[in-house]
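This report refers to the structure that appears directly beneath it.
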Amino acid sequence: MKNYDLWEEFDTWFTDVHSGFFVSLEKHCKNLTQPYRQLAAYLRIGLRSKEIATLMNITVQSVGQYRIRLRKQLKLTRKINLVEFLNSL
């Protein structure tokens, strides 16, 4: 099974369990691309960077960079915890 297929299956499950999450997320950033949607979902369910890196087929360092970019896209200040913000949506 390819990563894309895994994401499609996960996305269906995640949307059922966390209904409205992606809608709320897009209210904060309308043009969020799939990798950032994936990252947000994985962070919301409490996955660690190493687990996210494996699922997204990127390095752990890249996960850190994605987190920084996601924060910027969501216009979050340093005072706001990214995971807490995502969990509040």
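The values are calculated or read from the model by the stated rules, or taken from the named source; none is laboratory data. Bear in mind the structure is a predicted one, so any value in this text is a computation, not a measurement. As a convention, Cβ positions derive from the backbone with ideal geometry for all residues, glycine included, and neighbour counts pool all protein chains shown.
The number of residues in region 11-36 that are without any contact (Cβ under 8 Å) to a residue 24 or more places away in the chain and either in contact with a Ser or Thr (Cβ under 8 Å, 6 or more places away or on another chain) or among the charged types (D, E, K, R) (or both) comes to 5. Has region 17-28 got at least one residue that is touching a Lys or Arg at 6+ places or on another chain (Cβ under 7 Å) and farther than 13 Å from residue 89 by Cβ? Looking for residues that are touching a Lys or Arg at 6+ places or on another chain (Cβ under 7 Å) and farther than 13 Å from residue 89 by Cβ, one finds none in region 17-28, hence no.
Quick check on residue 31: is it surrounded by fewer than 17 Cβ atoms within 10 Å (Cβ to Cβ) and modelled with pLDDT under 80? Answer is no for this residue.
Take residue 55 and decide whether it is within 18 Å of residue 6 (Cβ to Cβ), among the hydrophobic types (A, V, I, L, M, F, W, C) and at pLDDT below 95. Taking the combined requirement at face value, the residue satisfies it. Flag not set for residue 71, criterion: touching a helix residue (DSSP H, G or I) at 6+ places or on another chain (Cβ under 7 Å), part of a helix (DSSP H, G or I), in contact (Cβ under 8 Å) with a residue 24 or more places away in the chain and surrounded by 10 or more Cβ atoms within 10 Å (Cβ to Cβ).
Rundown of residues vs (1) touching a residue at least 24 places away in the same chain (Cβ under 8 Å); (2) more than 11 Å from the chain's Cα centre (by Cα), yes/no style:
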| position | (1), (2) |
| --- | --- |
| 43 | yes, no |
| 51 | no, yes |
| 55 | yes, yes |
| 59 | no, yes |
| 66 | yes, no |
| 84 | no, yes |
| 89 | yes, yes |
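Determine if region 9-17 includes at least one residue that is surrounded by fewer than 17 Cβ atoms within 10 Å (Cβ to Cβ) and in a loop (DSSP other than H, G, I, E, B). No: zero hits.
Per the listing 64, 46, the residue uniquely small (Gly, Ala, Ser), at pLDDT 95 or above and part of a helix (DSSP H, G or I) is 64.
As a summary of the residue check, residue 5 satisfies the conditions (1) surrounded by 10 or more Cβ atoms within 10 Å (Cβ to Cβ); (2) of a type outside the set (Gly, Ala, Ser); (3) at pLDDT below 90 except for the one numbered (1). Could you run through region 42-65 and say how many residues are over 22 Å from residue 18 (Cα atoms), among the hydroxyl-bearing types (Ser, Thr, Tyr) and surrounded by 15 or more Cβ atoms within 10 Å (Cβ to Cβ)? So the count comes out to 1.
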